[in-house]
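A.B. asks: One structure, pasted below without further comment.
The values are calculated or read from the model by the stated rules, or taken from the named source; none is laboratory data. Note that the structure is a prediction, hence the values are computed from the model and not measured. Glycine also receives a Cβ, built like all others from the backbone with ideal geometry; neighbour counts cover every protein chain displayed.
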Amino acid sequence: MTVTRAYDELIDVLTCGATTERLANFRSSPETQARVGELIKRKKVGAVTREEIAEMEEYLTIEHVMIMTKARARQRLQA
């Protein structure tokens, strides 16, 4: 699996006319969550490659954007 799927999920939710509520409740697909979990496990045992480290960094970037997006969406829902 590549990071492309995670980017596609993010782009889909942002471009499909998502409501503030949908943004606040967005979750990555089970496949993406499983891949991130696998990478974390591999890193803990020292079996991660350079490519996988780069992949993890991309996931962290996506996660950061979504955390900020969800926080802003929740603020708007409470206003």
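A.B. asks: Any idea how many residues of the stretch 37-51 are assigned to a helix (DSSP H, G or I) and surrounded by 15 or more Cβ atoms within 10 Å (Cβ to Cβ)?
C.D. replies: 2
A.B. asks: Taking the stretch 52-67 as the search range and keeping residues that are without any contact (Cβ under 8 Å) to a residue 12 or more places away in the chain and among the acidic types (Asp, Glu), which one is surrounded by the fewest Cβ atoms within 10 Å (Cβ to Cβ)?
C.D. replies: Ranking the candidates gives 57 first.
A.B. asks: Additional query: Which residue pairs have Cβ atoms under 7 Å apart, sit 6 or more places apart or on different chains, and have a first residue in the stretch 1-16 that is within 19 Å of residue 69 (Cα to Cα) and among the charged types (D, E, K, R) and a second that is modelled with pLDDT of 85 or more and assigned to a helix (DSSP H, G or I)?
C.D. replies: Filtered contacts from the stretch 1-16: 5/31; 5/32; 9/32.
A.B. asks: In this structure, does residue 34 turn out to be hydrophobic (A, V, I, L, M, F, W, C) and exposed (fewer than 15 other Cβ atoms within 10 Å of the Cβ)?
C.D. replies: Judged against the criteria, residue 34 is a match.
A.B. asks: Same structure again: So in the stretch 15-36, with the set limited to residues that are under 15 Å from residue 5 (Cβ atoms) and part of a loop (DSSP other than H, G, I, E, B), which one is nearest to the chain's Cα centre (by Cα)?
C.D. replies: By that ranking, first place goes to 28.
A.B. asks: Collect the residues in the stretch 15-31 that are surrounded by 15 or more Cβ atoms within 10 Å (Cβ to Cβ) and not polar (S, T, N, Q), keeping them in residue-number order.
C.D. replies: 18, 23, 24, 26
A.B. asks: Under 12 Å from residue 10 (Cβ atoms) and among the hydrophobic types (A, V, I, L, M, F, W, C) - does that describe any residue in the stretch 54-65?
C.D. replies: Checking the stretch 54-65: at least one residue is under 12 Å from residue 10 (Cβ atoms) and among the hydrophobic types (A, V, I, L, M, F, W, C).
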